[in-house]
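Below is one structure; the comments refer to it alone.
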Amino acid sequence: MSSSPTAEQLHAEFAALYPPAPVAEKPAPAPEPAPVAPAATPDASGAPVAPAPKPAAPKAPVGPILQTEPPFGATAVDFAARGFHLDLSIPAADVVSVAERLYRHEFSLDTMTGVDWMKLNQMEVVYDFVHFTTNLHVVVRCRVPRDNPELATISSVFQGALWHERETHDFFGIRFLGHPNLVPFLLPEDATYHPLRKDFAGASD
């Protein structure tokens, strides 16, 4: 086991694993020629009339940007504002290795749940880890395709995940590969529905 980490050490460690994606530099736009004011036209009396102002170009609608894949990375967070210290967005393929790294730092799995990003055709699994000696809290997020929502179980690292993964599968239909007993936990044994999916309309009898 490692010594108790600090928030700064954890951030540096995971930021090295998930550095921010490079931002491509946009070429500088070519300078536009100065607009030439149209000549004033005289009215019936011969007095010049100023041309009508050019209508402003319509503004593009402002709305959320839909991402097909969230950016991966490690973000230090203000605990007083958010309730945790480090926010990790990782590829689903890394979920077991990240769980193992947190286990080596003596973290425990506090809870986990799912999020249905229906418009993005994605499901997200959110893990909450806590370090009881330092009271550090780490959130780990993984997204998977909504039409094939599966990722590896972390129950080989944190045995308590067995219950959390069954509950998340109940409500969101996310499959945890390698789980030894992924059967309904809170729903009826014959349930074929997942009530926290956003397109859930109610269970049939």
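Restricting to segment 116-137, name every residue that is over 13 Å from PHE172 (Cα atoms) and part of a strand (DSSP E or B).
Those that are over 13 Å from PHE172 (Cα atoms) and part of a strand (DSSP E or B): TYR127, ASP128, PHE129, VAL130, HIS131, LEU136, HIS137.
Checking the structure you have, find out if any residue of segment 193-203 is hydrophobic (A, V, I, L, M, F, W, C), touching a residue at least 12 places away in the same chain (Cβ under 8 Å) and out of contact with any strand residue (DSSP E or B) (no Cβ under 6 Å at 6 or more places or on another chain).
Let us first name the residues in segment 193-203 that are hydrophobic (A, V, I, L, M, F, W, C), namely 196, 200-201, 203.
Then drop every residue that is not touching a residue at least 12 places away in the same chain (Cβ under 8 Å), which leaves 196, 203.
Retained after the next criterion (residues that are out of contact with any strand residue (DSSP E or B) (no Cβ under 6 Å at 6 or more places or on another chain)): 196, 203.
Yes, segment 193-203 contains a residue that is hydrophobic (A, V, I, L, M, F, W, C), touching a residue at least 12 places away in the same chain (Cβ under 8 Å) and out of contact with any strand residue (DSSP E or B) (no Cβ under 6 Å at 6 or more places or on another chain).
When you go through HIS137, HIS169, HIS164 one by one, which is the residue that is more than 22 Å from LEU196 (Cα to Cα) and crowded, with 16+ Cβ neighbours inside 10 Å?
Working: HIS169 fails: more than 22 Å from LEU196 (Cα to Cα); HIS164 fails: more than 22 Å from LEU196 (Cα to Cα).
Matching residue, one of HIS137, HIS169, HIS164: HIS137.
Can you confirm whether segment 166-175 contains a residue that is hydrophobic (A, V, I, L, M, F, W, C) and more than 13 Å from VAL115 (Cα to Cα)?
Going residue by residue through segment 166-175, those that are hydrophobic (A, V, I, L, M, F, W, C) are 171-172, 174.
Filter once more, keeping what is more than 13 Å from VAL115 (Cα to Cα): none.
Within segment 166-175, not a single residue is hydrophobic (A, V, I, L, M, F, W, C) and more than 13 Å from VAL115 (Cα to Cα).
I need a count of the residues in segment 194-205 that are modelled with pLDDT of 75 or more and farther than 19 Å from LEU151 by Cβ. Steps first, please.
Taking segment 194-205 first, the residues modelled with pLDDT of 75 or more are 194-201.
The next check asks that each one be farther than 19 Å from LEU151 by Cβ; those that pass are 195, 198-201.
Count: 5.
Condition check ((1) modelled with pLDDT of 85 or more; (2) of a type outside the set (D, E, K, R)) across all residues:
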| site | (1), (2) |
| --- | --- |
| VAL125 | yes, yes |
| ARG141 | yes, no |
| PHE158 | yes, yes |
| ASP190 | no, no |
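Out of the residues in segment 138-160 that are out of contact with any helix residue (DSSP H, G or I) (no Cβ under 8 Å at 6 or more places or on another chain) and not in a loop (DSSP other than H, G, I, E, B), which is nearest to PHE72 (Cα to Cα)? Show your work before the answer.
In the first step, residues of segment 138-160 are kept if they are out of contact with any helix residue (DSSP H, G or I) (no Cβ under 8 Å at 6 or more places or on another chain); the result is 139, 141, 145, 147-148, 150, 159-160.
From what is left, the residues that are not in a loop (DSSP other than H, G, I, E, B) are 139, 141, 145, 150.
On the way: VAL139: 13, ARG141: 9, PRO145: 16, GLU150: 18 Å.
Checked segment 138-160; the qualifying residue nearest to PHE72 (Cα to Cα) is ARG141.
The values are calculated or read from the model by the stated rules, or taken from the named source; none is laboratory data. Model, not experiment: these values are computed from the prediction. Cβ sites come from the backbone with ideal geometry, for glycine too, and all protein chains shown count toward neighbours.
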